[in-house]
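Student: Handing you a structure now.
The values are calculated or read from the model by the stated rules, or taken from the named source; none is laboratory data. Bear in mind that the values here come from a model prediction, so they are computed numbers and not experimental data. Using ideal geometry, Cβ is built from the backbone for each residue, glycine included, and neighbour counts are taken over all protein chains shown.
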Amino acid sequence: MSKKILLDKINIEGIKSFDVYRANGGYASVEKALKMAPNDVIEEVKKSGLRGRGGAGFPTGMKWSFLDKKSGRPKYLVCNADESEPGTFKDRYLMEFIPHLLIEGMIVSSFALEANLSFIYVRGEFRWIIKILEQAIAEAKRAGFLGKNILGTGYDLELVVQTGAGAYICGEETALLESLEGKRGLPRIKPPFPAVVGLYGMPTVVNNVESIAVVPWIVLNSGEEYAKVGTAKSAGTKLISACGNINKPGVYEIELGLPVEEFIFSEEYCGGIANGKRMKAVVAGGSSVPILPTELILKTAAGENRLMSYESLSDGGFATGTMLGSGGFIVYDEDQCIVRNTWNFARFYHHESCGQCSPCREGTGWMERILHSIENGHGKMSDIDLLWDVQRKIEGNTICPLGDAAAWPVASAIRHFREEFEWHVMEPKECMNRNYGLREKSIMSIA
Amino acid sequence: MLAVKSGKQVEFSPAAMDRAREIISRYPDGKQKSALLPLLHLVQDEFGNWLSVDSMDYIARLLHIQPIEVYEVATFYSMYNMQPVGRFLLEICHTGPCEIRGAEELISTLQNKLLIKVGETSADGMFTLKRVECLAACGYAPMLQCGMHYHEFLDSEEKIDRLLNDLRSKATQNN
Ligand SMILES: Cc1cc2nc3c(=O)[nH]c(=O)nc-3n(C[C@H](O)[C@H](O)[C@H](O)COP(=O)(O)O)c2cc1C
Ligand code: SF4
């Protein structure tokens, strides 16, 4: 069994309730942190090497140290619980089954950032989770861990659960802040960054649920201890939500650096490919990251074992690598159609584009239409090059990274599965039967 | 989609008004517009799961903002319904991970059983079908959301029948 930091208490009966959570050492980090200087808490998080778990992997301690504390304006911490990246369902698991871990993390993190009002922005569809969190907050408040003068230290904190209403773009941090202000989720141009001009124009930190939830462990055990877990560049553990054609879909906590092959095929994790099928491809970090064929997800182009870490998954750049992203791990078996999946994702991004930038607004629509026509047997060979051209013109030319996120799945699908697109153009009937020309080399059966 | 007038006088019940006041009080002074999304959810909970023009105007008055500020938000987010919907709104995820585990089969089974297409409401006013993008249930696919709940692993006709029957009996119990 590998190291558990987030889920070590998940199987304790009744851990959802304040009393059981507290009896098992819960909220000890609040008692410890509130005796420290806020900036010393930030130092611990810096030393831990923790990188943001929402997708971008930005070092959390560094982000915190950018927060403008000097101007004396109110500061806000906003937890990003929008969780809408296809393939990702890990934050939901934490909030549903061990809600107090997030509340505890929010208290310690808010203290470090010297915020007195903090928000958890939860996607609107998670209606039952909103109730769970509100109840957990009420319990923590009754016990004196929230509200005025927490544990008699003079520190005040209110925690508000904010409800989204169905918009993937609100996971982007500046769109999230707009949404929290009661507006449409239109990303803001950066700079200025939220650390200087964020919620209500005030200094703000936005962090993913999982990033916040590891802070209590770091405070209790020290940043150095956390940095010892995982690899040199990927400290700690990561929640991976595994789905697709595997035997055991679910949420797993892995120590970063675990071989990808072990993650997919061992009984402790995904348990191999379902129905005795062979594996064809993997999207390793949520729909936005490049898709890789089997041979490249298990081994790097240099022939080394691919590991579940930031640096190993991105080894080879976009030519032969991908990204750890949000930890949304989607496995495709030999029956799955890459063209159809790419069209599906293109439709998703078109639907979710906020429409502010023309390359994204128009480009996602073009990609959806071209892919739809190829998928339905009306494609031309030149469409494949057109598709390539459109995605190139989106990438890097937009206000927020949704444009890139829409371009990368298309680019990587063409890069690694071009024959399949060509097959769809030449054999439209086969394509509609979902029976595709497969490259033998991209399929490996592991007995 | 164009918003529709309900023709009904919209006003929160005293209990809903208490809830609305509590929501509005969460934000710093002068930032009450932050309450807009939660209040629109409250309207849907109170008035049949959709937003009429009258109800949006009502929220604008409550928050002292212009009606257009409410309309632009209401039409931006997918959870707000701009038309009346059936008693049970079945929102089926059709994004990649669900699709490879049978989302389209789930949708066609529901269409056949309810004799409606996606976007329509059954003749008895009981069910509306809607396609939605990723609901963060990718490992438990295929699935749909109905109100407070996620219904996951809907990978057989028996499970779909059971769900529809449960919902129907819930409706008769509540009447
Ligand atoms: C289109 C888009 C969607 C995003 N969705 C999410 C999300 O659902 N949850 C999340 O934590 N971060 C999401 N992010 C990343 C956030 O912008 C931000 O980087 C993150 O919340 C920062 O937290 P972290 O540093 O703890 O990872 C998204 C980014 C983009 C561009
Ligand atoms: S890239 Fe797309 S989603 Fe992002 S701001 Fe531009 S139009 Fe909106």
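Student: Given the criterion more than 21 Å from B:Ser13 (Cα to Cα), small (Gly, Ala, Ser) and away from every other protein chain (no Cβ under 14 Å), identify the matching residue among B:Ser78, B:Ser34, B:Ser108, B:Ser55.
Tutor: Among B:Ser78, B:Ser34, B:Ser108, B:Ser55, only B:Ser108 is more than 21 Å from B:Ser13 (Cα to Cα), small (Gly, Ala, Ser) and away from every other protein chain (no Cβ under 14 Å).
Quick grid of which residues meet (1) more than 12 Å from ligand 1 (Cβ to nearest atom); (2) assigned to a helix (DSSP H, G or I); (3) within 14 Å of chain B (Cβ to nearest Cβ); (4) of a type in the set (Asp, Glu):
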residue: A:Arg184; (1), (2), (3), (4): yes, no, yes, no
residue: A:Ile189; (1), (2), (3), (4): yes, no, no, no
residue: A:Pro194; (1), (2), (3), (4): no, no, no, no
residue: A:Val206; (1), (2), (3), (4): no, no, no, no
residue: A:Ile212; (1), (2), (3), (4): no, yes, no, no
residue: A:Val219; (1), (2), (3), (4): yes, yes, no, no
residue: A:Ala232; (1), (2), (3), (4): yes, no, no, no
residue: A:Val251; (1), (2), (3), (4): yes, no, yes, no
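Student: Whether any residue in segment A:383-395 is within 13 Å of ligand 2 (Cβ to nearest atom), surrounded by fewer than 19 Cβ atoms within 10 Å (Cβ to Cβ) and part of a helix (DSSP H, G or I) is what I want to check.
Tutor: Yes.
Student: Can you tell me which residue among A:Glu172, A:Glu178, A:Glu210 is within 16 Å of ligand 2 (Cβ to nearest atom) and surrounded by 24 or more Cβ atoms within 10 Å (Cβ to Cβ)?
Tutor: Checking each option against the conditions leaves just A:Glu172.
Student: Only one residue in A:Gly87, A:Gly61, A:Gly105 is buried (at least 18 other Cβ atoms within 10 Å of the Cβ), in contact with a Pro (Cβ under 7 Å, 6 or more places away or on another chain) and within 19 Å of A:Ala227 (Cα to Cα). Which one?
Tutor: From the options A:Gly87, A:Gly61, A:Gly105, the qualifying one is A:Gly105.
Student: To continue, here is another question. Residues in segment A:157-165: is at least one more than 23 Å from B:Leu42 (Cα to Cα) and at pLDDT 95 or above?
Tutor: Within segment A:157-165 (the criterion being more than 23 Å from B:Leu42 (Cα to Cα) and at pLDDT 95 or above), the answer is yes, since at least one residue qualifies.
Student: All but one of (1) part of a helix (DSSP H, G or I); (2) touching a helix residue (DSSP H, G or I) at 6+ places or on another chain (Cβ under 6 Å); (3) crowded, with 21+ Cβ neighbours inside 10 Å hold for B:Asp57; state the number of the condition that does not hold.
Tutor: (3) is the only condition that B:Asp57 fails.
Student: Still on this structure, please answer the following. Within segment B:121-151, how many residues are of a type in the set (Asp, Glu) and in contact with a Ser or Thr (Cβ under 7 Å, 6 or more places away or on another chain)?
Tutor: Looking only at that region, the number is 1.
Student: Could you tell me which residue of segment A:292-347 is nearest to the other protein chains (Cβ to nearest Cβ), considering only residues that are within 15 Å of B:Gly96 (Cβ to Cβ) and assigned to a loop (DSSP other than H, G, I, E, B)?
Tutor: A:Gln336
Student: Considering only residues that are of a type in the set (A, V, I, L, M) and more than 10 Å from ligand 1 (Cβ to nearest atom), which ones fall in segment A:37-61?
Tutor: The answer is A:Ala37, A:Val41, A:Ile42, A:Val45.
Student: Just checking, how many residues over segment A:181-199 are surrounded by 18 or more Cβ atoms within 10 Å (Cβ to Cβ), under 22 Å from B:Ile23 (Cα atoms) and away from ligand 2 (no atom under 16 Å from the Cβ)?
Tutor: 3
Student: Turning to a different aspect of this structure: Residues that are within 16 Å of ligand 2 (Cβ to nearest atom) and among the hydroxyl-bearing types (Ser, Thr, Tyr): does segment A:48-59 have at least one?
Tutor: no
Student: Given the structure, is A:Val410 within 28 Å of A:Gly286 (Cβ to Cβ), at pLDDT 90 or above and of a type in the set (Val, Ile, Thr)?
Tutor: The answer is yes for A:Val410.
Student: Considering each of A:Gly321, A:Gly328, A:Gly355, A:Gly317 in turn, give the residue that is of a type in the set (Gly, Ala, Ser) and more than 20 Å from the chain's Cα centre (by Cα).
Tutor: The conditions single out A:Gly355.
Student: Of all residues in segment B:58-75, which are more than 10 Å from chain A (Cβ to nearest Cβ) and hydroxyl-bearing (Ser, Thr, Tyr)?
Tutor: Selection gives B:Tyr58, B:Tyr71.
Student: Test B:Leu40 against the criterion of being within 14 Å of chain A (Cβ to nearest Cβ), surrounded by 17 or more Cβ atoms within 10 Å (Cβ to Cβ) and touching a residue at least 40 places away in the same chain (Cβ under 8 Å), and give yes or no.
Tutor: Judged against the criteria, B:Leu40 is a match.
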